[in-house]
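Peer 1: The following block contains the structure, expressed as structure tokens.
The values are calculated or read from the model by the stated rules, or taken from the named source; none is laboratory data. From a predicted model like this one, the values you see are computed outputs, not experimental measurements. In this analysis, Cβ positions are derived from the backbone assuming ideal geometry, glycine residues included, and neighbour counts consider all displayed protein chains. When the accessible area is computed, the model is the full protein with side chains, heavy atoms only, and any ligands, DNA or RNA have been set aside. Shrake-Rupley method; radii C 1.70, N 1.55, O 1.52, S 1.80 Å.
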Amino acid sequence: SPGRSSRAPPMGYIFDPEHLHEVAKRGVGLPHDEMVHLVTGELASAYPGHIETRQDWIFSVVAGSTGIMTLLHASLSEYVLLFGTPVGTEGLSGRYSMDVYDYQLAGDMWSYSDHDHACRVVTRPGEKTLLRRGHVRGYKLPEGGWMLEYARGIIPMALPIALGGMIFSCMDATTLVKTLTTYGRLVTRELLQGKI
């Protein structure tokens with residue numbers, strides 16, 4: 001069960017996607033600050049030593065979409081973050097060498113794939129989606145749309161997609177440095193605990 005040990009065997013995943021879904025569902029319907037506090041607090045209790053409880057919101061410009069995120073966990077094999085936007089956004093998911101789970105906390109997310117381009121998939125608060133490694137989809141997040149996101153795989157391989165928009169579109173060195181510094185600090189903390 002989650003949270004029994006603060007240490008994980010090397011290369012082992014410590015987060016349970018179903019448990020993350022249960023935590024996300026408990027945050028649905030709460031005001032934004034309460035929602036963030038509840039999700040962060042419950043994850044910190046379940047995974048002691050592996051959750052960043054201090055909020056540090058960072059702009060995220062990925063494959064045409066713009067939002068804001070706070071990293072809750074980052075290692076070489078997993079990340080957990082809160083992502084959303086008060087004004088709405090849409091873009092491409094990106095194609096990754098990892099599985100990406102999104103747990104909708106507020107607002108509906110619309111998405112579609114290149115395999116079923118005429119079908120709009122609607123993910124409502126309390127529901128989840130899974131983007132399998134190697135797949136891609138377009139998505140739209142409305143005003144006030146927020147999600148808990150979890151990924152497992154080779155996380156550093158996603159950095160070119162995650163940071164490309166900040167480098168080539170926005171040319172925002174301040175946000176780029178902040179993102180890399182935060183990710184590096186959390187990865188280092190995990191490595192010191194034996195977590196890859």
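Peer 1: Within the chain, what whole-number % of the accessible surface is contributed by carbon and sulfur, with the 1.4 Å probe and all protein chains included in the calculation?
Peer 2: C and S atoms contribute 60 percent here.
Peer 1: A follow-up question, please. With n ≥ 4 as the cut-off for DSSP H runs, can you work out [θ] at 222 nm for the chain, using -39500 (n - 2.57) per run divided by the number of residues, rounded to the nearest 500?
Peer 2: -8500 deg cm²/dmol
Peer 1: Taking only protein heavy atoms and a 1.4 Å probe, what accessible area per residue, in Å², does the chain have with all protein chains in place?
Peer 2: 49
Peer 1: When a/c reaches 1.5 or more, the comparison of a/b and b/c decides; with that in mind, is segment 83-152 rounded, prolate or oblate per its Cα gyration tensor?
Peer 2: In terms of gyration-tensor shape, oblate.
Peer 1: If I build a Gaussian network model for the chain, linking alpha-carbon pairs within less than 10 angstrom, which residue out of VAL36, VAL122, VAL100 has the largest mean-square fluctuation?
Peer 2: VAL122
Peer 1: Helix check for the chain. Which DSSP H runs span at least 20 Å along their own axis by Cα, with a mean Kyte-Doolittle hydropathy no less than -0.5?
Peer 2: Going by DSSP H runs, the hits are 32-46, 173-192.
Peer 1: Another question, if that's okay. Enumerate the calculated ³J(HN,Hα) couplings along segment 71-88 in order (Karplus 6.51 cos²θ - 1.76 cosθ + 1.60, θ = phi - 60°), each rounded to whole Hz, writing x wherever the residue is Gly or Pro.
Peer 2: With coefficients 6.51, -1.76 and 1.60, one gets 6, 9, 8, 8, 9, 6, 10, 8, 9, 9, 8, 9, 9, x, 7, x, 10, x Hz.
Peer 1: If amide H atoms are built 1.01 Å from N in the plane of the peptide, which residues on other chains or at least 5 residues away come under 5 Å of the amide H of GLY145?
Peer 2: Sorted by chain and number, the residues that satisfy this are THR85, GLY88.
Peer 1: Give the peptides 26-34, 149-157 in descending order of average Cβ contacts within 10 Å, highest first.
Peer 2: 149-157, 26-34
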